[in-house]
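The values are calculated or read from the model by the stated rules, or taken from the named source; none is laboratory data. This structure is a prediction, so every number in the text was calculated from the model and none was measured. All Cβ positions, glycine included, derive from the backbone under ideal geometry; neighbour counts span all protein chains shown. The accessibility values were calculated without ligands, DNA or RNA, using every heavy atom of the protein model including side chains. Shrake-Rupley method; radii C 1.70, N 1.55, O 1.52, S 1.80 Å.
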There are 2 protein chains.
Amino acid sequence: MSLGTSDAFDLRPDYIISVINKLGAKIVGFQFPEGLKRKGPELAKKVEEATGAEIIISGDPCFGACDLDKTLLEQVDILFHFGHAELEDTKFSERVYFIETRSAVDIRPVVEKAVSELKGQVIGLITTVQHVHKLPEACDVLEANGKTCVIGKGDSRLAYPGQVLGCNFSTARNEVCDEYLYIGSGDFHPLGVALSTKKRVLAADPFSGEVREVDPSRILRQRSAVIAKSLDAKVFGIIISSKNGQERMELAFSLKALARKHGKAAHLILIDLVTPDQLLQFKVDAFVNTACPRLAIDEVGRFPSPMLTPQEFEIVLGEREWEKLVLDEITEEPI
Amino acid sequence: MSLGTSDAFDLRPDYIISVINKLGAKIVGFQFPEGLKRKGPELAKKVEEATGAEIIISGDPCFGACDLDKTLLEQVDILFHFGHAELEDTKFSERVYFIETRSAVDIRPVVEKAVSELKGQVIGLITTVQHVHKLPEACDVLEANGKTCVIGKGDSRLAYPGQVLGCNFSTARNEVCDEYLYIGSGDFHPLGVALSTKKRVLAADPFSGEVREVDPSRILRQRSAVIAKSLDAKVFGIIISSKNGQERMELAFSLKALARKHGKAAHLILIDLVTPDQLLQFKVDAFVNTACPRLAIDEVGRFPSPMLTPQEFEIVLGEREWEKLVLDEITEEPI
């Protein structure tokens, strides 16, 4: 395994070494998302040999910049958080360095392939931080093929124009475009944009070369079923995350008050890693999730009781119309 | 489900209500071990109705007083931690109240049954906090049968004479006794005492009524096998817990330095919940566990690489003799 620039992801060892040497940091934390954790020990060895600093690697699961290892941060002089872009740049410690690990994969072939599938004239471009540096190139391809390219600016939680998170599609709002082209892997981000904007979204995966139109109808059917199952619920468990970028305590308290107003019981449950197994301990009729918005969607049907988003809970209580069902997001604005 | 005194465990709702009312606490945390979590919502409802306080329940796994929910503590005025005795009473916040949940089970029958199995004259009595209030009664039974009863005082991590933890058998050291009688369920505590003292230990389970002599030979064989498998290891992962009562950072650094002295690579891994799945992410030849000492023993063979205790790591490096193999404990004294 090499950590050089020929790797799919550049972990920027030279930059890391220069930061440590410049600051004279003695104890340094490394935090990786699951897909990069295996690179931790080798990178730690290289950096320790070059700097004399002691590296402590976070062993806990990590799902995003929302999931900063605060305990590790307490133990170290500085922390390098890999694989994610900074979230709300004013919020985090100056002692945290985000190493974004941009992908070197060539996006041009899949964007060229997508051109013939696009139906509109004005195309909104969206992607994750791994490919965000390639958006100008994607624009070039679209414009060379007669399209107009729009890259939206999101809210303050996002680091780059065109960037989307699993919990924030704000770069795809208020943009004048006919449809969206998402560059990246996985279904969640483009599905979220389709549900949020009601526009057509094409997903182009630069790794597999696949181009396809996303279809949010299955998710909408699932969400309707979860809401329907919760209509008679009397006791709710309101999940609050203890992760830095997922904690919405104020929202949880307001949902509890809303439950009370409707004569329902609601219990606040603070939890770090939300899993179906862990929630088995709580006998409630339905859960309401204020933690990572993806949980209720990605793990639908796996929890011991139906898991609602805050917006869906409002529908259950009769405070929101079914037609106003949207995916939950964590944005600048409260729901 | 009742929370009254007829329950096997008394969660002391009246005391909790009186503390909240006296302090005027507005936001209150509840933390339960797994076996008591299901009682959380009902108790929360009762206490909220009586006090007007808002209760937040910890949803994370909880394995002992060593595993205080520090994140929840940051969110609340006071925290009630159920099912465990205070650990090192000067160390924790004044805002934490330990509700020990003593068991109402009658220990007399099983102690009477144990008498005929005891071989010695002077009997050391040990138990967990659930039964510690019954030790005087157990002494009465033993002394009525002509035995002499000794209840040892442990180190400062233990709240009561005669109490043992899964990681601390200090009440069973330096005691002049012929053998030990352990009152409680499970094998780990009496096995630890047998290994730590080299004396005969009888375990008397007041729930099942079973009395048996514990046999540490299987554990010793397993530990020898783990050590043998690690003798050729070149790269070690040193696990550090981020839990309040399990974190041994200084020990981890000293073990890393010891590895270096012997020309071995060692990486420090800080982690909250140590599971075989989570450690799959780290490709090392062997792990060294400075977190909960029970992990290496209870989960033997389940980790992706052999998991050594600190003392076993010393044996692997040739710094400790095989004959000096002991179970790891977290005590006042460093190893």
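Brief remarks follow.
- For B:Asp285, the label point sits 7 Å beyond Cα toward Cβ; its separations from the matching points on the remaining copies run 6.0 nm, from shortest to longest.
- Taking one quarter of the surface of the convex hull spanned by the alpha-carbon atoms of the stretch B:222-324 gives a direction-averaged projected area of 5.8 nm².
- Fraction of the pair-distance distribution of chain B above 28 Å, Cα-Cα pairs, percent: 48 percent
- All Cα-Cα separations within the stretch B:107-214 were binned at 5 Å from zero, giving a P(r) of 2, 15, 28, 29, 19, 6, 1, each value a whole percent of the pairs.
- Dipole check for the stretch A:137-277: with +1 at the C-beta of Lys and Arg, -1 at the C-beta of Asp and Glu, and the Cα centre as origin, the magnitude is about 1040 Debye.
- Using θ = phi - 60° and Karplus 6.51 cos²θ - 1.76 cosθ + 1.60, couplings along the stretch A:58-68 (whole Hz; Gly, Pro as x): 6, x, 6, x, 9, 10, x, 5, 6, 10, 6
- Span from the the stretch B:232-259 Cα centroid across to the the stretch B:128-176 one, whole angstrom: 32 Å
- Here A:Lys113 is the anchor, and the lysines within straight C-alpha reach of less than 18 Å, apart from those fewer than 8 places off in the same chain, are A:Lys134, A:Lys147.
- The stretch B:201-219 and the stretch B:37-58 have Cα centres lying 37 Å from one another.
- Applying the Karplus relation 6.51 cos²θ - 1.76 cosθ + 1.60 with θ = phi - 60° to the stretch B:233-245 yields 3J(HN,Hα) values of 4, 10, 10, 10, x, 9, 7, 10, 7, 9, 6, 4, x Hz, where x marks Gly and Pro.
- Based on the convex hull around the alpha carbon atoms, the stretch B:13-99 presents an average projected area of 5.0 nm².
- Calculated from backbone phi, Karplus (6.51, -1.76, 1.60) coupling profile of the stretch A:145-153 in Hz, x at Gly/Pro: 9, x, 8, 9, 10, 10, 10, x, 9
- With 28 Å as the limit, the listed pairs A:Lys261/B:Lys46; B:Lys46/B:Lys153; A:Lys26/A:Lys70; B:Lys199/B:Lys243 have B:Lys46/B:Lys153; B:Lys199/B:Lys243 beyond it between alpha carbons.
- Cβ-derived FRET efficiency at R0 35 Å, B:Asp178 paired with B:Ser93, nearest 0.05: 0.25
- Residues of the protein assembly as shown: accessible area per residue with a 1.4 Å probe, Å²: 41 Å²
- Computed on the Cα atoms alone, the convex hull of the protein assembly as shown gives a volume of 164 cubic angstrom per residue.
- Reciprocal mean inverse distance between Cα atoms of the stretch B:199-253 - Kirkwood radius, Å: 15.2 Å
- Label-point distances for A:Leu23 to the equivalent site in the other copies, using a point 7 angstrom along Cα→C-beta, read 3.5 nm when ranked shortest first.
- Nm distances between copies for A:Gly146, ranked from closest, using label points 7 Å along Cα→Cβ: 10.8
- Summing Cβ point charges (Lys, Arg +1; Asp, Glu -1) relative to the Cα centre of the stretch A:13-99 gives a dipole of roughly 200 debye.
- Rounded to the nearest 20, the size of the Cβ-charge dipole of chain A about its Cα centre is 760 debye, with Lys and Arg at +1 and Asp and Glu at -1.
- Once both labels are positioned 7 Å from their Cα atoms along Cα-to-Cβ, the gap between A:Glu137 and A:Lys198 label points is 3.7 nm.
- Partner lysines whose Cα lies under 18 Å from the Cα of A:Lys198, excluding those fewer than 8 positions away in the same chain, are identified as A:Lys119, A:Lys324.
- Straight-line cross-link reach from A:Lys256 at under 13 Å between alpha-carbon atoms covers these aspartates and glutamates, not counting any fewer than eight positions away in the same chain: A:Glu314, B:Glu48, B:Glu54.
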